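Take a look at the structure below.
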Amino acid sequence: MAQPADRPFLRLFVTPSVLVAGGFIASLAVILQYSLRAHIPGELEPGGFSLGNFTDMLKPLYARAFVDTVLICAETAFFTLLLAYPLAFALVRAKSPFLKSLLLVTAVTPLFLGEIVRTYSWIIVLGNTGFVNSVLRGLGLIDQPIQMMFTKFGVVVALVHVTLPVMVIMLSAAISHIDRDYEKAAASLGASPVRTFLTVTLPLSLPGIIAGVTTSFAWTFSAFATPQLIGGGQVSTISTLVYQLGFANFNFPFAAALSFAGLVFTIMVIALLRRAARPLEKMGGHA
Amino acid sequence: MNSLADLPRTTDIAGQPNAAKPAVRIDGVSKAFGDVTALHEAWLAVGRGEFLTLLGPSGCGKTTILNLIAGFLEADSGEIFLDGAPITNDPAHKRQIGIVFQNYALFPHMTVEKNVGYGLRMRGVDKTEIARRVGEALELVKLPGYGGRRPRELSGGQQQRIALARALVIRPKVLLLDEPFSALDKNLRSAMQVELKEIQRSLGVSTVFVTHDQSEALSMSDRIAVMSAGRIRQIAAPGEIYRAPADRFVASFVGDTNIFQATRVSPTSVIVGGFLIDVMPGPLEGTIDGQEVELFARPEELSLTSAGAPGTLPAEVVTKVYQGGYSDFYVTTPLAAERVLVRIHGPAALELWPEGAKIGLVLPKTGANAFPPGE
């Protein structure tokens, strides 16, 4: 083990991150402190110590929100994976540099759009008089507009767009680490391209899939603008509820309790996914 | 029924390829990558049960030939035959070819058993039959009982055996080996070479072996195809490649050699420093009597004696290296541009002359090779 003396810049470099981490921990402590105090209706200042906020969370309304949020996260992760895998695969395996750049730009562009801009553009696409409905009506495929705004479906579509770039990047990293000799070996042993993919390429990219799904899950769980604007109050997630409780009802203690529960829950889910992925990481994608 | 003994075989193992129906035949195959021609119209036949080595420096086209046989690359022109049937347009997975990769490419997410049985599962062989044949293959490579392990739990040598078992268990029509020893340390490498050769002999499986290591090629092959810059320069048995190389490249790539200035006096003899030396016929075609040529002599064909002895070239010892059973003397002589390596056998050879000593260098009277001057 190297002594600090061996690394003269260590203290200099670590100090800023310690300060930032200190700020985060302090604010979390404040939120935790809020969550353990009673709400006095009509007052911004919370009352005395109480565990009431956490027991209230067991009410059906909030339990529902938890379940809905998890479902939205799971669906988003699933559909993102479904879209991102072929994109990432093509990105890694494409031979033409032009096609590679085109795919990369397509996949990564959503990262450069602001959250609000991106969300409003989905409103334009998904609205009753929006792009999708106009096209379908123009083609005579539907008479009545399909309701996509203010639905869970709309929220998931917009969230997939948010998480796609990160998933593509993580999957491409995993796929690019797969030695092509494994696939050649499978082919020489009689596996068709499809079976080679299913028995060799896909299992070897599992560590990337787990990492991508974990990230997508955590990210969607805390997403606010998308479910708020596209869901328009019809889709309740933990973050929209926190906003509503805090800024419409001014019930800061309960909002704090809900945030805290959400944080703990996310950490638990990530820990669980990582645990599931451990044997896969051990086996390693490359010899 | 001993399944691994069912491999195609003939009695014609050591000699020339079975001309009627070679295991692999490559007819005028060319391959280019962009502007770079990796292979210029290669012609090659691998006999049944033969161990043929493709030898050459990196970028010579040997791996390209391997990939063309395996089906990982498509030929630009020419035809490839496997057991007499054209396979030029068959995809890799329909070719029935076993390959051992340089890095072994054992599937890291499968046990040894699953790895070895993979090819059989892809062929829809039933479970009990797979278990039996996998067991047999593991016996063959002397790793019975390793079925439940993961590849990463095995040493390099063990991984290589498993890779070999995986390639052989499908009863391939030809076994391709892509520099399989390059990742092993020196002692293990020699042991694996002997073992691989024994397995190959006992099964009589036709084998194409790719290497850049000339000693590996000389020790293992029935025949060697020496390649350079996308062309096959010579195909012959190891002894012939060593004794009668077809051109300068083969002569200098395979084994150590020394080059002397010489003058052609006939198609089969040259003069070096006033001495007449008989050379192998062939390479001097295209030159004329009296032309400057170069004599190539192996280190063990040369000998040293005291200075000024009749029939010797004047030379001086620069460095000597003790090698145990023999000693290498590096000497200079006006008739050679580079230092000349002379290999003297016997444990006491080192004591004969000190460094700096003036000595006489004795050239071979016959058996050496002469080539037109350099490329």
Original post:
Are any residues in segment A:175-196 more than 8 Å from every other protein chain (Cβ to nearest Cβ), among the hydrophobic types (A, V, I, L, M, F, W, C) and touching a helix residue (DSSP H, G or I) at 6+ places or on another chain (Cβ under 8 Å), and if so, which ones?
Top reply: A:I175, A:I178
Original post:
Looking at A:K184, A:K152, which one is within 25 Å of A:S236 (Cβ to Cβ) and of a type in the set (D, E, K, R)?
Top reply: A:K152
Original post:
Any idea which of A:T214, A:T226 is under 23 Å from the mean Cα position of the chain (by Cα), surrounded by fewer than 22 Cβ atoms within 10 Å (Cβ to Cβ) and hydroxyl-bearing (S, T, Y)?
Top reply: A:T214
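Results for (1) closer than 26 Å to A:A223 by Cβ; (2) of a type in the set (S, T, Y); (3) surrounded by fewer than 16 Cβ atoms within 10 Å (Cβ to Cβ), shown as yes or no for each residue.
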{"position": "A:R37", "(1), (2), (3)": "no, no, no"}
{"position": "A:F54", "(1), (2), (3)": "yes, no, yes"}
{"position": "A:L61", "(1), (2), (3)": "yes, no, yes"}
{"position": "A:V70", "(1), (2), (3)": "yes, no, no"}
Original post:
Would you say A:A74 is assigned to a helix (DSSP H, G or I) and closer than 20 Å to A:P193 by Cα?
Top reply: no
**OP:** State the number of residues belonging to segment B:95-122 that are more than 8 Å from chain A (Cβ to nearest Cβ) and assigned to a helix (DSSP H, G or I).
**Re:** 8
Original post:
Can you name the residue in segment A:122-156 that is within 11 Å of A:G231 (Cα to Cα) and among the β-branched types (V, I, T) and, of all such residues, is surrounded by the most Cβ atoms within 10 Å (Cβ to Cβ)?
Top reply: A:V155
Subject >> One residue from B:P172, B:P180 being touching a helix residue (DSSP H, G or I) at 6+ places or on another chain (Cβ under 7 Å), within 14 Å of chain A (Cβ to nearest Cβ), under 22 Å from A:K184 (Cα atoms) and not aliphatic (A, V, I, L, M) >> reply: B:P180
Original post:
Counting just the residues of segment B:108-133 that are touching a helix residue (DSSP H, G or I) at 6+ places or on another chain (Cβ under 6 Å) and surrounded by 23 or more Cβ atoms within 10 Å (Cβ to Cβ), which one comes out nearest to B:R171 (Cα to Cα)?
Top reply: B:L120
Subject >> Count of segment B:65-83 residues which are in contact with a strand residue (DSSP E or B) (Cβ under 8 Å, 6 or more places away or on another chain) and away from chain A (no Cβ under 14 Å) >> reply: 8
Subject >> Exclusive hit being surrounded by fewer than 13 Cβ atoms within 10 Å (Cβ to Cβ) and closer than 16 Å to A:P165 by Cα, set A:F78, A:F112, A:F98 >> reply: A:F112
**OP:** Could you please find all residues in segment B:348-373 being exposed (fewer than 14 other Cβ atoms within 10 Å of the Cβ) and under 15 Å from B:E300 (Cα atoms)?
**Re:** B:K365, B:T366
**OP:** Output yes when any residue across segment A:203-211 is buried (at least 20 other Cβ atoms within 10 Å of the Cβ), in contact (Cβ under 8 Å) with a residue 24 or more places away in the chain and away from chain B (no Cβ under 14 Å), and no when none is.
**Re:** yes
Original post:
So is B:L54 part of a strand (DSSP E or B), in contact with a Lys or Arg (Cβ under 7 Å, 6 or more places away or on another chain) and crowded, with 23+ Cβ neighbours inside 10 Å or not?
Top reply: yes
**OP:** Restrict the check to segment B:139-162 and report whether at least one residue is within 12 Å of chain A (Cβ to nearest Cβ), over 23 Å from A:L206 (Cβ atoms), buried (at least 22 other Cβ atoms within 10 Å of the Cβ) and touching a strand residue (DSSP E or B) at 6+ places or on another chain (Cβ under 9 Å).
**Re:** yes
Original post:
Hey, B:V293 hits all of (1) of a type outside the set (G, A, S); (2) under 30 Å from the mean Cα position of the chain (by Cα); (3) more than 23 Å from B:T333 (Cβ to Cβ) but one; which does it fall short on?
Top reply: (3)
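Laboratory data are not the source of any read-out in this text; all were calculated from the coordinates shown. For clarity, every value in this text was computed on a predicted model and none was experimentally measured. We place every Cβ from the backbone using ideal geometry, glycine too, and count neighbours over all the protein chains shown.
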